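The values are calculated or read from the model by the stated rules, or taken from the named source; none is laboratory data. Being a predicted model, the structure only gives us computed values, none of them experimental. Keep in mind that these areas ignore ligands, DNA and RNA; they rest on the heavy atoms of the full protein, side chains included. Shrake-Rupley method; radii C 1.70, N 1.55, O 1.52, S 1.80 Å.
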Amino acid sequence: MTRIEVGDYEVWKPMFDLDAPGARSTATGHRLFRGLANPNEVFIQVDFDSAEAALAARERLIAS
């Protein structure tokens, strides 16, 4: 689970959906949550089969 603040959710979401770095390519699922007071505050939960798969996805994200 991670928390980020995006400038404009409506602009950010299509870019998130593209998953250009492929960080979610091995994920078993993901969920997005938005803050009530600030809809540009986004919480992202990404599920993986193992800690190793999660760490590999993190490395792909950092490398991009």
Query raised in the report: So for the chain: antiparallel DSSP bridges make up what percent, rounded to the nearest 5?
Result: 100 percent
Query raised in the report: At 222 nm, what helix-only mean residue ellipticity would the chain give, in deg cm²/dmol to the nearest 500, using -39500 (n - 2.57) for each DSSP H run of four or more?
Result: -11000 deg cm²/dmol
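Evaluate 2.2 N^0.38 Å with N set to the residue count of the chain, then give the Cα radius of gyration divided by it.
On the way: Rg = 12.2 Å, N = 64, 2.2 N^0.38 = 10.7 Å.
My calculation over the Cα atoms of the chain gives 1.14.
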Query raised in the report: Where only protein heavy atoms count, and the probe is 1.4 Å, what is the accessible area per residue for the chain in Å²?
Result: 70 Å²
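Report, to the nearest whole %, how much of the accessible area of the chain belongs to carbon and sulfur atoms, 1.4 Å probe, protein only. Each step should come with its number before you reach the end.
Details: 2540 of 4470 Å².
Carbon plus sulfur share of accessible area: 57 percent.
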Query raised in the report: To the nearest 10 degrees, how steep is helix 9-18 against the longest Cα principal axis of the chain, on a 0 to 90 scale?
Result: 20 degrees
Report summary line: Taking Cα atoms only, helix 51-63 is inclined relative to the longest principal axis of the chain by an angle, in degrees rounded to 10, of 60 degrees
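For A20 and D8 in the same chain, what is the full-extension length gain: residue separation times 0.36 nm, less their Cα-Cα distance, in nm? Could the numbers behind the result be given before it?
Details: separation 12, 0.36 × 12 = 4.32 nm, distance 1.86 nm.
Taking 0.36 nm per residue and subtracting the Cα distance, the gain is 2.5 nm.
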